[in-house]
Structure formats: C-alpha cells, structure tokens
Amino acid sequence: MSLLLATRPTIIDRVVPRSLAVDVALVVSGTALTAVAAQLAIPTSPVPFTFQTLAVLLVGATLGSTRGALSMALYAVLGAIGLPIFSDASHGVSVLFGATGGFIFGFIVAAALVGYLAEKNWSSNALKMFASYAAGSVVIYAVGIPVLAAVAFGGDLASTTGFMVPFMVWDVVKAVAAGALLPSAWALVKKIKG
C-alpha cells in the first residue's frame with residue numbers, strides 16, 4: 001500500500017520502491033528538510049528571509065501532491081505541538097496564528113499544487129518546473145500576505161505586499177535555480193536507470 005495516488009510517478013518513485021513504509025519515511029524526510037531550511041535565515045522583521053519556500057517547493061515536486069502536502073501538514077503539526085522547527089527555532093500554536101502562520105498553511109497547499117504538476121510531468125522540464133514553482137510561490141503569498149497584513153500591518157494589504165516584494169524577488173531567484181535543478185536530476189535518473 002502506498003500514499004501515492006497519482007498515476008504518474010514523481011522522480012523519487014523512479015529511485016526508491018513504492019510502499020507505505022517508504023512513503024512515511026519520505027513524508028518525514030520532507031518535514032525534516034523544511035525544518036532545517038527554516039533555520040537558514042536572514043533575520044528581518046516581522047518575517048525572516050528563510051529557505052523554507054525552496055524546501056517546500058522541492059518537497060512537493062519530488063514527493064508529489066499527497067506526500068508533499070502531508071509532509072507540510074506534519075511540519076505545521078510538529079511545530080504547533082512544540083518542536084522548535086519554525087523559523088528562528090520558534091514553535092507553538094501561537095506561531096500558526098501569528099504573523100507568519102498564513103505562510104505555513106500556504107506551504108501545505110503549495111506543496112500539493114507543485115506535487116500535482118510534477119505528477120503531470122512538469123518536473124522534467126525546466127520551463128514547466130519554473131512555472132510550477134512560481135505558481136506554488138503565488139499560493140504561499142496568497143495565503144500568507146493577508147494573515148501577515150491582519151496581524152502585523154493593521155489590515156493594510158498594500159503595505160504588506162510592498163514589504164514582501166524583496167522576498168518575492170528572492171523567491172523568483174530560488175524558482176529559477178530549482179527550475180534547473182529538478183530537470184537535471186530527472187536527466188541523471190534517466191541516464192542511470194534507463
């Protein structure tokens with residue numbers, strides 16, 4: 001039995017056998033990668049610049065929609081119950097309902113979307129991969145910015161969006177880098193596995 005519901009496998013399915021135990025290990029690994037990426041931060045207030053979004057998008061593209069979303073949901077749950085895995089080693093339910101909580105909820109949806117597109121074979125093409133990462137980033141911001149505006153900017157969406165522009169620029173850079181990374185990994189896997 002497997003958590004993978006897609007008819008088209010993702011890159012990880014070409015590398016490791018499909019089973020429930022493998023799926024659980026992959027979900028936990030995606031959570032761990034995101035937790036580590038959250039600690040790689042450049043402090044800014046009220047939202048730090050981290051590598052979380054890159055991890056979220058890579059997890060979705062690598063694991064697919066179901067496992068990617070479950071990985072991000074596990075990340076949210078573990079952080080909420082007290083593991084210091086959110087940015088700056090923060091944790092607790094207050095983070096989920098604080099300034100950055102919308103972004104964390106957006107991670108779940110973004111991983112599912114990018115994973116779905118990967119299952120449709122978008123991850124083996126650099127342009128499609130870039131587009132899927134851009135779409136995933138839009139989802140993260142679409143969920144995160146309104147929450148950030150409500151909590152930290154008195155509901156001012158325009159000011160909040162303006163504040164987030166530098167983050168968006170870096171996310172474009174990350175999307176370009178990731179857009180090249182996964183198709184290159186696909187080419188390597190195809191060369192090795194045939």
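The numbers here are math on the coordinates, done by the rules we state, and not lab data. These numbers come from a predicted model, not from an experiment. Every residue, glycine among them, receives a Cβ derived from its backbone with ideal geometry; neighbour counts consider all protein chains shown.
When you filter the chymotrypsin sites (Phe, Trp or Tyr not before Pro) in the stretch 31-106 for DSSP loop state and at most 15 other Cβ atoms inside 10 Å of their Cβ, you are left with Phe97. The candidate values were [x] 102; [y] 125; [z] 115; the one computed from these coordinates for volume of the Cα convex hull per residue in Å³ carries the label [x]. Here the gap between Ser94 and Val176, fully extended at 0.36 nm per residue and compared with their Cα-Cα distance, gives a gain of 26.2 nm.
Stretching the chain fully between Ile192 and Ala158 yields a gain of 7.3 nm (0.36 nm per residue, less the alpha carbon separation).
Amide H contacts of Asp156: none lie under 5 Å away among residues 5 or more positions distant or on a separate chain (H built 1.01 Å from N in the peptide plane; Pro and chain starts excluded). Helix 101-119 sits at what angle to the longest principal axis of the chain, using alpha carbons and giving 0 to 90 degrees rounded to 10? Value to nearest ten degrees: 20. Relative to the longest principal axis of the Cα atoms of the chain, the long axis of helix 20-39 makes an angle of roughly 40 degrees. Principal-axis analysis of the Cα atoms of the chain puts helix 157-193 at an angle of about 10° to the longest axis.
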